[in-house]
1. Which members of the range 27-84 meet the condition of being crowded, with 17+ Cβ neighbours inside 10 Å, within 24 Å of the chain's Cα centre (by Cα) and among the polar types (S, T, N, Q)?
2. State yes or no: is THR561 at pLDDT 90 or above, more than 25 Å from LEU476 (Cβ to Cβ), among the hydroxyl-bearing types (Ser, Thr, Tyr) and within 23 Å of the chain's Cα centre (by Cα)?
3. For the range 134-155, what are the residues that are at pLDDT 80 or above, more than 21 Å from GLY118 (Cβ to Cβ) and of a type in the set (Gly, Ala, Ser)?
4. Considering (1) modelled with pLDDT under 80; (2) touching a Pro at 6+ places or on another chain (Cβ under 8 Å), say which one TYR311 fails and leave the rest.
5. Taking the range 88-123, which residues are under 32 Å from the mean Cα position of the chain (by Cα) and of a type in the set (Lys, Arg)?
6. Among the residues of the range 446-454, is any within 27 Å of the chain's Cα centre (by Cα), closer than 20 Å to TRP474 by Cα and surrounded by fewer than 24 Cβ atoms within 10 Å (Cβ to Cβ)?
7. May I ask you to list the residues in the range 375-434 that are within 30 Å of LEU83 (Cα to Cα), crowded, with 23+ Cβ neighbours inside 10 Å and either at pLDDT below 80 or of a type in the set (Phe, Trp, Tyr) (or both)?
Amino acid sequence: MAEDDFERKLTAIFYADVAGYSRLTGQDEAGTHKALGESLDVITSSIEEHGGRVVHFAGDAILAEFTSVRASVNAAVAAQHQLRENNRGRADDEKLQFRIGINLGEVIVDRDDIFGDGVNIAARLESLADPGGICISGNVRDQIIGRLPLDLHDMGEQNVKNIAQPVRAYKVLIDDEAREAARASGQAKRTRPSIARSPKALAAAAVVIAVGAGALFGGGLLNISVDVDGAAEATADEPAFSEKPAIAVLPFTNLSGSDQEDYLSDGITEDIITNLARSPALFVISRNSTFAYKGKTPTVAEVSKALGARYVVDGSFRKAGDQLRVSAQLVDATNNLVLWTNRFDRSVDRIFEVQDEIASRISSALAREVKGAEALRSRARTTDNVEAYDLVLRARRILSRPGRSEVGIEAGRLLERAISLDSDYAQAHASLAWALLRQSRGVTRERHMQLVEAAFRHAEEALRLDPNDFYSHWTLGTVLARKRQPEESLKSIRTALELNPNAAELHLHMVQPLVRLGRNREANNAAKTAIRLNPYHHGPYQVALAVSQMALGEYEAAADTLAKVVSRMKTALRPRLLLATAYSMTGRDDKARELISEAIELKPDLNERSARRMLNLFGPDAVGPMLAALTRVGLPAFVN
């Protein structure tokens, strides 16, 4: 066959390989092989979720192709973030780390495989990447510059094996240590963010932390969704400004020189958001959306346009020994005018004072600018023990990771230590309740009930200690939902909302009890409010909206909403079951049967009884017709 007869195409080539695989197998052959399988599953899922195709596996390597260059880079970043989470807690010499190389080039296509210099260059770029890192070619860089909010390190022209011409290579800097090292050498170049043109691109490129969102709609109690161009779902239209003064607090930049202090920097930001959110006169953007900007340097105008916030707060944090330096500023995005700025130098044991002072001064500055704005309600002080506070922040960071029982157990140990240091620390008790609920998944029915009851006791104790803390009321409301007490759950969540009317997750958590009580229009409004407060929302928000739509009988709209979720969440069982129900209720039986088949692949013992438990989001009167619709399209009956 002549060379010109081969099928050729231009494609983005993605090549990943394990760093030091032989050494790892020498240390622990069985454990390394198991970890390899799990890691390859992570990479495969990320490739598929971003529209790529796995071409083949070769031992510890994986080759894939994408029609979109940006999607290939997004998939690589998402995969490395998830792999990094999986390695957390392992010694450095035990971590299974992949290098990833990405090239844009022409390839030969033969029997679903791809060959040629385009593939070879991607493989050579992989070898130039750091363990746990990504290396891209110059032509990939040209496609993402100005389109993805990433930092790049120019490695210059590289002579690579069996390639005649040098290849321009760039490292993608996906961690603070690499970024700071590159900046120090003057080699980091930023791909300018394009938030104003594409809010979704920035949200999708960041780690989006969903505190409690998955508790009701298919995930863990506190879960982290690391998803690039996928799980973070920005609204289609740019958010409009609120009637109240809308404010967005960006993650404070950690200048301490170590990402080990990130949890403390994030904790300061979160507490400032919470303090501001206590004022009913303000519209405070959810931390889920503002934390999409973590590690980025967008302009105030870009943040304002993307989030619909007139006012933007940003700042920095530095810890050196037992000393803190926190800087903050408040900017009116409509005219780029700095309304207030200050720097605080304090000892670590005065961290609470800094948080309160920043929030108070921002509130006062806004009150001067906005007629009728109320001053902040005073922050309820729940502990003065800095070590206990530190343990709670660490535990919440752990609870933000994927996983079920093991995550809850690890966080629970820290929270029990915090309570031993300060038994009157309300938020430690509330956080322990979340950890216990996390532990209650995937255990026996008897153990599940024991853990839920223990969570209930800690939630009640948190509320006894601090009846004005919205987090404690929210925790109790979530536990009561688990105990199938929708009226009591709704009452607790409404009380939490009175204390913090800007918490998107609270509006989200109102959806289930409202639906179970038949107050479906209220549930729909709550879901929409949650999405407005959290413009860069993710899967559980869409599922909640769809549940409210189904409860209203709007099955067509629910199907459209759920189809987007299912396309991204390849292993999500409940959204598939809900989408099959929506399709069946609207006469699209063929699509419903396909989804039931997929659901059975995910859960081979799926039947009418287990489906009923997954449809418990709805009231008992609604579940019957839904189950009938599902059995009509192939849901197996329950057999004693």
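1. SER39, THR44, SER45, SER46, SER72, ASN74, GLN80, GLN82
2. Details: at pLDDT 90 or above: yes; more than 25 Å from LEU476 (Cβ to Cβ): yes; among the hydroxyl-bearing types (Ser, Thr, Tyr): yes; within 23 Å of the chain's Cα centre (by Cα): yes.
Yes: the conditions hold for THR561.
3. Matches in the range 134-155: none.
4. (1)
5. Within the range 88-123, ARG88, ARG90, LYS95, ARG99 qualify.
6. Here is the first cut: in the range 446-454, the ones within 27 Å of the chain's Cα centre (by Cα) are 448, 451-452.
Pick out the ones that are also closer than 20 Å to TRP474 by Cα and you get 451-452.
So of that shortlist, the ones also surrounded by fewer than 24 Cβ atoms within 10 Å (Cβ to Cβ) come out as 451-452.
Yes; the residues of the range 446-454 include at least one that is within 27 Å of the chain's Cα centre (by Cα), closer than 20 Å to TRP474 by Cα and surrounded by fewer than 24 Cβ atoms within 10 Å (Cβ to Cβ).
7. Once the filter is applied, which keeps residues that are within 30 Å of LEU83 (Cα to Cα), crowded, with 23+ Cβ neighbours inside 10 Å and either at pLDDT below 80 or of a type in the set (Phe, Trp, Tyr) (or both), the range 375-434 yields TYR389, TRP434.
Residue-by-condition table, conditions (1) under 23 Å from ALA35 (Cα atoms); (2) touching a residue at least 40 places away in the same chain (Cβ under 8 Å):
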site: ARG88; (1), (2): yes, yes
site: ARG99; (1), (2): yes, yes
site: ILE102; (1), (2): no, yes
site: PHE115; (1), (2): no, no
site: VAL119; (1), (2): no, yes
site: ARG124; (1), (2): no, yes
site: ILE134; (1), (2): yes, yes
site: GLY138; (1), (2): no, no
site: ILE145; (1), (2): no, yes
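The values are calculated or read from the model by the stated rules, or taken from the named source; none is laboratory data. From a predicted model like this one, the values you see are computed outputs, not experimental measurements. All Cβ positions, even for glycine, are placed from backbone atoms using ideal geometry, and neighbour counts span all protein chains on display.
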